[in-house]
Every structure is written in C-alpha cells, then in structure tokens.
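Trainee: Please see the structure below; I have some questions.
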Ligand code: WQD
C-alpha cells in the first residue's frame with residue numbers, strides 16, 4: 001500500500017512510519033514540524049512539509065496516489081484543551097475535516113484515525129470496551145469524538161472506510177532504539193519521571209494518593225508505542241481489504257498505578273526519583289483500563305511490549321542518550 005502519515009514526524013507517527021515500512025508498504029510523511037522532528041522522519045519515507053490547515057497543500061499532496069491516510073496530526077494535551085479550546089477546534093477539528101475532504105476528493109479509500117480513550121470520559125465500568133458511553137470530560141476528547149462522528153458520515157456518503165483507534169496511555173520507545181526524538185515540555189507521567197531520573201526536574205509531583213485504587217494513586221493502562229504502531233498497520237490493511245470501518249480500543253488491559261511506575265523506574269534507572277504527594281489533578285479518573293477484546297478479534301492484535309519494564313527501559317535508553 002501507499003500510505004500517507006499525516007503527523008508522521010511526531011512521537012507516535014515516527015513509530016507508525018517504521019511499522020509500515022517494515023511490512024513493505026510505501027510511506028509518505030506530511031507534517032508541519034510544529035512538534036514533530038525532522039530527525040523522526042525515516043530515510044525511506046517521502047517527506048511533505050505542510051499544515052493540515054493549508055487546504056491547497058493538503059489537496060496537492062493527497063493527489064499523489066495514496067491507498068490510505070493515517071491521521072496523527074493533532075494537539076493532545078487534555079488540560080490545555082480546557083483553557084485554550086480554540087487551538088483544539090482549529091487544529092483538531094478543522095484540520096481533520098480538511099484531511100477527510102481531501103482524502104474523499106482524491107479517492108483515498110482508507111482512513112486511520114489516531115483517536116483516544118479520552119472519548120469515554122469518567123469510566124462507568126471497567127474494563128472500558130467500545131460500547132462504553134462516550135461522554136468526554138475534556139474538550140480534547142470531544143474533538144476526537146467529533147472527528148469519529150464525521151468519519152461515520154463520510155463512510156456513509158463518500159465510501160471512505162475508516163479505523164478509529166482509541167489509544168489508552170501511549171508510552172515507551174522503539175525497543176531497537178531507532179527513534180531518538182524526545183517530546184518537548186512533556187506533561188505525561190512517564191516522560192516527567194524520566195526527567196526527574198535524569199536530574200532535569202527536582203521531584204515528581206504525584207497528583208493525589210487518596211483514590212480508590214490499590215495504593216491510592218491513579219491507575220492507567222499504558223500501551224507501548226510499538227504495539228500501537230503495529231495495530232495501525234493491521235487496521236489499515238484490514239479496512240483496505242474488508243471495506244468495513246471499525247472503532248477499536250488499543251490498550252494492554254493491565255492497570256499500573258503511579259507508584260508502580262515510579263518503583264519500576266527506580267529499579268531500572270538506579271535513580272532515587274524523589275516525589276511529593278500533592279492535590280488531585282482536576283478531571284483525572286481514578287482508574288482507566290481498556291478491554292482490547294475487539295482489537296484481538298478484528299485485528300488479531302494484542303500488546304506485546306507493554307510491561308512497565310519494557311516501557312520504562314526503552315524510554316530511559318532514549319533519555320540517557322539525549323543527555324549524553
Ligand atoms: C497518568 C497518571 C496522573 C503526571 C493523558 C490524556 C489522555 C491521553 C493520554 C491522548 C495519572 C499521574 C501524571 C505527573 C502524576 N492522551 N501523574 N504526576 O492523564 O491518564 O492521560 O494522556 O489521547 O487524553 O489526558 O496521562 O500521563 O498525564 O497521567 O501523578 O506529573 O499519572 O494523575 O494518574 P492521563 P498522564
């Protein structure tokens with residue numbers, strides 16, 4: 001297949017790009033390099049610099065004969081989306097609509113969307129399956145849900161078949177060490193823990209230890225980015241072959257607490273990782289764990305790299321390298 005990865009120079013995009021190339025597909029990367037990195041672009045991928053808000057550029061690139069687009073170009077900070085919603089309306093919603101329109105216009109038949117567990121909001125039951133009600137508790141999650149709904153209409157009206165992949169907590173780096181780009185100003189737990197371990201931050205602020213969980217700290221389903229990447233390839237191939245759209249969770253089905261992540265990071269890095277328990281962060285659920293049954297059934301996919309050890313070891317290697 002010829003696959004255009006929009007946002008392909010980002011953290012997840014760089015892993016997805018490698019996964020498609022490894023399976024013998026041709027890859028184009030479309031990215032405005034706002035948070036993506038030039039060093040993340042695979043040497044065998046064709047690069048198109050451009051912005052999803054630039055309809056002309058998008059249309060010109062989409063005209064180059066692609067079988068599928070994978071859409072990974074979006075802002076993803078849930079907290080920020082509640083204070084700067086416009087940024088998310090423009091980039092996530094308008095940008096995605098532009099891409100869907102360009103894809104339909106140039107007869108690209110398959111669309112893979114980087115969606116999120118944020119579409120569910122506060123879980124009503126666990127594990128969260130795809131039938132769980134979608135009531136996003138932040139605007140970021142709403143933007144993803146809105147795009148999913150638009151894809152449903154374009155499927156019906158334009159025959160654009162799609163896979164919407166609802167990621168849980170993406171983490172880790174390529175186990176073979178081929179991706180070395182570090183995200184700037186991280187807010188997610190694992191990169192923050194790495195910054196403390198490397199000495200760039202003094203301490204980890206743990207957002208609450210009075211949740212109804214095994215040790216009182218928040219429990220999440222961390223899914224290794226290499227597992228995610230593999231699922232994108234399977235989803236694109238499957239949708240292209242079956243002409244059936246799908247909405248699928250991607251998670252490890254395991255719940256790890258903040259303290260379990262810290263313990264594991266202490267063991268792996270040998271660093272003390274000082275921490276300080278502070279107030280809960282607004283909007284944080286106590287536990288979020290995926291059911292990945294559907295992904296197993298539809299894609300014959302299951303997480304293989306998503307243990308705390310594999311996630312932290314692969315991330316630590318990249319942080320150590322980046323800091324000499
Ligand atoms: C994990 C746990 C925190 C930082 C976010 C988005 C979500 C999705 C994935 C894209 C929680 C705790 C964190 C810190 C801490 N993104 N924590 N101190 O919030 O589960 O999910 O990323 O789709 O939409 O909201 O991830 O890594 O921020 O937090 O104690 O400095 O770590 O409270 O329990 P989150 P996270």
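The values are calculated or read from the model by the stated rules, or taken from the named source; none is laboratory data. All values reported here derive from a predicted model rather than from experimental measurement. Don't worry about glycine lacking a Cβ; one is built from the backbone with ideal geometry, like all the others, and counts go over all protein chains shown.
Trainee: In the stretch 76-83, is there at least one residue being surrounded by 14 or more Cβ atoms within 10 Å (Cβ to Cβ), in contact with a helix residue (DSSP H, G or I) (Cβ under 8 Å, 6 or more places away or on another chain) and at pLDDT 95 or above?
Mentor: Looking for residues that are surrounded by 14 or more Cβ atoms within 10 Å (Cβ to Cβ), in contact with a helix residue (DSSP H, G or I) (Cβ under 8 Å, 6 or more places away or on another chain) and at pLDDT 95 or above, one finds none in the stretch 76-83, hence no.
Trainee: Let me ask something else about it. Give the residue, chosen from 178, 158, that is surrounded by fewer than 18 Cβ atoms within 10 Å (Cβ to Cβ), without any contact (Cβ under 8 Å) to a residue 60 or more places away in the chain and away from the ligand (no atom under 15 Å from the Cβ).
Mentor: 158
Trainee: Okay, next question. Given the conditions (1) farther than 30 Å from residue 239 by Cα; (2) within 16 Å of the ligand (Cβ to nearest atom); (3) surrounded by 17 or more Cβ atoms within 10 Å (Cβ to Cβ), which single one is not true for residue 268?
Mentor: Only one criterion is unmet by residue 268, namely (2).
Trainee: Here's another thing I want to ask about it. Under the condition of being touching a residue at least 40 places away in the same chain (Cβ under 8 Å) and farther than 17 Å from residue 294 by Cβ, which residue from the stretch 234-253 is farthest from the ligand (Cβ to nearest atom)?
Mentor: Here the answer is 243.
Trainee: Consider only pairs whose beta carbons are under 8 Å apart and that are at least six residues apart or on different chains; among these, list those whose first residue lies in the stretch 183-200 and is in contact (Cβ under 8 Å) with a residue 60 or more places away in the chain and farther than 14 Å from residue 261 by Cβ and whose second residue is within 9 Å of the ligand (Cβ to nearest atom) and part of a loop (DSSP other than H, G, I, E, B).
Mentor: Final answer for the pair search is 187/77.
Trainee: Residues that are under 30 Å from residue 108 (Cα atoms) and touching a helix residue (DSSP H, G or I) at 6+ places or on another chain (Cβ under 6 Å): list the helices (runs of 4 or more DSSP H) wholly contained in the stretch 206-316 that include at least 3 such residues.
Mentor: 225-242
Trainee: Here is a further query. In this structure, does residue 125 turn out to be within 12 Å of the ligand (Cβ to nearest atom) and more than 23 Å from residue 17 (Cβ to Cβ)?
Mentor: No; evaluated as a whole, the condition is false for this residue.
Trainee: Which residues, taken from the stretch 254-264, are away from the ligand (no atom under 12 Å from the Cβ) and under 23 Å from the mean Cα position of the chain (by Cα)?
Mentor: Passing the criteria: 254, 264.
Trainee: Further question: Output the residue which, of all residues in the stretch 161-175 that are surrounded by fewer than 22 Cβ atoms within 10 Å (Cβ to Cβ) and more than 15 Å from the ligand (Cβ to nearest atom), is nearest to residue 115 (Cα to Cα).
Mentor: 161
Trainee: Does the stretch 12-30 hold any residues that are out of contact with any strand residue (DSSP E or B) (no Cβ under 7 Å at 6 or more places or on another chain) and either assigned to a strand (DSSP E or B) or buried (at least 24 other Cβ atoms within 10 Å of the Cβ) (or both), and which are they?
Mentor: Within the stretch 12-30, 14, 15 qualify.
Trainee: Residue check, residue 60 against (1) buried (at least 16 other Cβ atoms within 10 Å of the Cβ); (2) at pLDDT 95 or above, all met but one. Which one?
Mentor: Of the numbered conditions (1) buried (at least 16 other Cβ atoms within 10 Å of the Cβ); (2) at pLDDT 95 or above, the odd one out for residue 60 is (1).
Trainee: Looking at the stretch 41-123, what strands (runs of 3 or more DSSP E) fall wholly within it and have at least 1 residues that are within 19 Å of the chain's Cα centre (by Cα) and either farther than 19 Å from residue 235 by Cα or in contact (Cβ under 8 Å) with a residue 24 or more places away in the chain (or both)?
Mentor: 68-71, 110-116
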